[in-house]
Amino acid sequence: MPTHRKPPRSPESSTVRRSNPKLSSTERQILRLIAEQGAIPLDQLIRLAGAKPRKVESAVARLERFGCLFSTTFHLDEPAWFMPTALGDRCLGIECRRSRPAASSLNHCRGIIEARIELEAQHPRGQWVSERALLRKEGRNGQLPDGLYEIDGERWAIEVELTRKSRPRVRRRAVGLMMRFHKVMYFCSDSVLSCVTAVQSEFDVGRFEIRAAAGATRAPRVQKGGAPSDHPVSDSERRLLALISEEGVVAVDQLAALMGADVRKLQRQLKLLEKHHLVVYGFPKLAPNGWVWCTDRGAVASGAGLPRLFVTSPARLPRRRALMAVRLAGTGHGGGGGWTSRRELRRKGQSTSLEMAVWKDGKRRIAIVVLVDPLPRSPKRVRTWMPRLIEEYDLVWWYCSSSSEESARRLVSRDAWKGVEIRRLPEDQGLAVMESSVSNQPKPSRYSPRLSEHEEGG
């Protein structure tokens with residue numbers, strides 16, 4: 001019996017489909033919110049849209065497939081940020097320059113969105129006008145506030161100040177805004193409050209309002225030595241921070257084993273460092289005592305000369321734990337000074353896309369590579385980097401799990417790699433727990449943050 005198939009779509013029709021996606025009212029509303037601000041994190045987007053989290057996540061996933069926006073993550077355990085693309089702006093009829101916010105300005109962006117949420121809740125009759133919209137309408141003529149709120153025929157200039165500035169600078173800014181708008185409203189952190197309050201006394205209080213910046217407080221200021229001003233870092237804490245910064249992110253139980261310290265005592269020390277914004281806890285379900293990594297201040301205070309770790313997927317944590325298990329194993333290089341982590345290799349320009357480290361045994365330089373998951377049918381990345389490692393190092397020790405050992409041996413035999421030695425990963429109970437928990441738990445949203453217990457509990 002002959003079957004009647006639909007004729008294939010022409011390239012022209014598919015191009016029109018991509019350039020003019022059919023958006024629902026919810027998708028158009030969410031896209032407009034993102035385009036207005038220029039960049040919004042997921043948690044604030046959910047609050048701003050006033051919709052259920054699953055509905056928002058489904059909408060942004062669909063918009064990203066259409067090419068109307070793109071997402072990126074700046075820090076561990078923080079939600080994804082969404083930014084409009086050129087197609088997204090065209091769908092809304094917007095013509096404006098697009099720019100990705102710097103990691104140093106994320107706190108300021110959050111403060112502006114918090115101010116918008118607060119004003120829209122207190123004055124629902126008003127309308128928010130973002131700085132991006134002001135730039136599109138008025139250009140760069142004169143001073144532009146961080147936002148504008150229009151209500152009852154008045155225009156309120158919104159300023160978010162989180163970092164310390166001189167009083168003359170704040171005064172010049174306030175004078176320029178009060179000449180153009182009916183009212184100036186400052187959302188300030190504690191560190192700026194005294195300066196802005198002093199400037200407020202020089203103007204009409206009815207036209208100059210000060211509020212606390214909700215959800216945008218900053219960590220203590222860093223002194224010359226790199227430590228927060230209220231906590232001098234001791235030598236032992238500096239060594240601990242240097243070890244964490246060297247690995248990037250490390251499980252607390254493995255960190256205690258590496259230092260030969262008691263886990264509970266180490267946890268108390270880490271809690272003190274976390275209190276002073278030097279380290280962060282996270283991923284409590286993927287390790288017996290969670291994982292820890294340095295903040296920007298912690299990375300500076302460590303003196304290791306390595307930047308803070310950015311954007312590590314939780315899917316890579318088992319490989320990190322496996323590599324640390326190799327370091328801790330009694331193979332002659334457990335705690336020795338000959339170990340060079342991947343982050344140190346990257347700083348020297350010797351890093352690869354493989355999860356690896358280097359151990360120097362006298363004159364021999366041995367590359368340590370770990371493999372937790374089975375190899376795909378065509379492992380292009382391994383075939384690209386392994387010959388380079390063989391050429392650069394004296395030996396390559398390839399540590400594999402029980403599920404990946406057979407595929408690794410076949411690949412080494414097929415490609416005739418000399419100098420590659422297949423080894424079994426050391427037994428690590430925490431790694432087995434991680435693999436079982438990751439496989440059994442429901443798959444999290446690709447945009448949702450992986451928060452620690454104390455963050456989830458509020």
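If I filter the range 87-99 down to residues being surrounded by 12 or more Cβ atoms within 10 Å (Cβ to Cβ) and at pLDDT below 85, which single residue comes out as nearest to the chain's Cα centre (by Cα)?
ARG98
Is it the case that some residue within the range 189-206 is surrounded by 16 or more Cβ atoms within 10 Å (Cβ to Cβ) and charged (D, E, K, R)?
Scanning the range 189-206 turns up no residue that is surrounded by 16 or more Cβ atoms within 10 Å (Cβ to Cβ) and charged (D, E, K, R).
So is GLY337 more than 23 Å from SER234 (Cβ to Cβ) and at pLDDT below 75 or not?
no
From ARG125, ARG136, ARG90, which residue is outside any loop (DSSP other than H, G, I, E, B) and in the same structural domain as MET178 (by TED's automatic domain parsing)?
ARG136
Restricting to the range 131-153, give me the number of residues that are in contact with a strand residue (DSSP E or B) (Cβ under 7 Å, 6 or more places away or on another chain) and under 19 Å from ARG211 (Cα atoms). Spell out the reasoning first.
Step one: of the range 131-153, the residues in contact with a strand residue (DSSP E or B) (Cβ under 7 Å, 6 or more places away or on another chain) are 131, 134, 145-150.
From what is left, the residues that are under 19 Å from ARG211 (Cα atoms) are 145-150.
Total meeting the criteria: 6.
In this structure, does ARG132 turn out to be touching a Pro at 6+ places or on another chain (Cβ under 9 Å) and surrounded by 15 or more Cβ atoms within 10 Å (Cβ to Cβ)?
Against the criterion (touching a Pro at 6+ places or on another chain (Cβ under 9 Å) and surrounded by 15 or more Cβ atoms within 10 Å (Cβ to Cβ)), ARG132 does not qualify.
Quick one: in the range 235-250, of everything that is of a type in the set (Gly, Ala, Ser) and in contact (Cβ under 8 Å) with a residue 40 or more places away in the chain, which residue is surrounded by the fewest Cβ atoms within 10 Å (Cβ to Cβ)?
Step one: of the range 235-250, the residues of a type in the set (Gly, Ala, Ser) are 236, 242, 245, 248.
Still in the list and also in contact (Cβ under 8 Å) with a residue 40 or more places away in the chain: 242, 245, 248.
Values: ALA242: 18, SER245: 27, GLY248: 21.
Checked the range 235-250; the qualifying residue surrounded by the fewest Cβ atoms within 10 Å (Cβ to Cβ) is ALA242.
Do the conditions hold for ILE46, that is, is it crowded, with 19+ Cβ neighbours inside 10 Å and either not small (Gly, Ala, Ser) or not assigned by TED's automatic domain parsing to the domain that holds LYS285 (or both)?
It is true that ILE46 is crowded, with 19+ Cβ neighbours inside 10 Å and either not small (Gly, Ala, Ser) or not assigned by TED's automatic domain parsing to the domain that holds LYS285 (or both).
Checking GLU95 against (1) more than 25 Å from TYR186 (Cα to Cα); (2) assigned to a helix (DSSP H, G or I): exactly one of these is not met. Which one?
Result: GLU95 passes all but (2).
Quick test for you: out of ALA261, ALA304, ALA256, ALA251, pick the one residue that is hydrophobic (A, V, I, L, M, F, W, C), under 22 Å from TRP339 (Cα atoms), touching a Ser or Thr at 6+ places or on another chain (Cβ under 6 Å) and outside the structural domain of LEU345 (by TED's automatic domain parsing).
Only one candidate passes the filter, namely ALA304.
Is it true that SER104 is modelled with pLDDT under 85, surrounded by fewer than 16 Cβ atoms within 10 Å (Cβ to Cβ) and assigned to a helix (DSSP H, G or I)?
Values: modelled with pLDDT under 85: yes; surrounded by fewer than 16 Cβ atoms within 10 Å (Cβ to Cβ): yes; assigned to a helix (DSSP H, G or I): yes.
In short, yes.
Which numbered condition trips up ARG239, out of (1) basic (Lys, Arg); (2) under 24 Å from MET356 (Cα atoms); (3) modelled with pLDDT under 90?
(3)
Select the helices (runs of 4 or more DSSP H) contained entirely in the range 369-458, then report the ones holding at least 2 residues which are at pLDDT 85 or above and at negative phi.
Numbers: elements: 380-392, 405-415, 429-440, 453-456.
Answer list for the range 369-458: 380-392, 405-415.
The values are calculated or read from the model by the stated rules, or taken from the named source; none is laboratory data. Keep in mind the model is a prediction, meaning the values are calculated, not measured. Note that we place each Cβ from the backbone using ideal geometry, even for glycine, and neighbour counts take in every protein chain shown.
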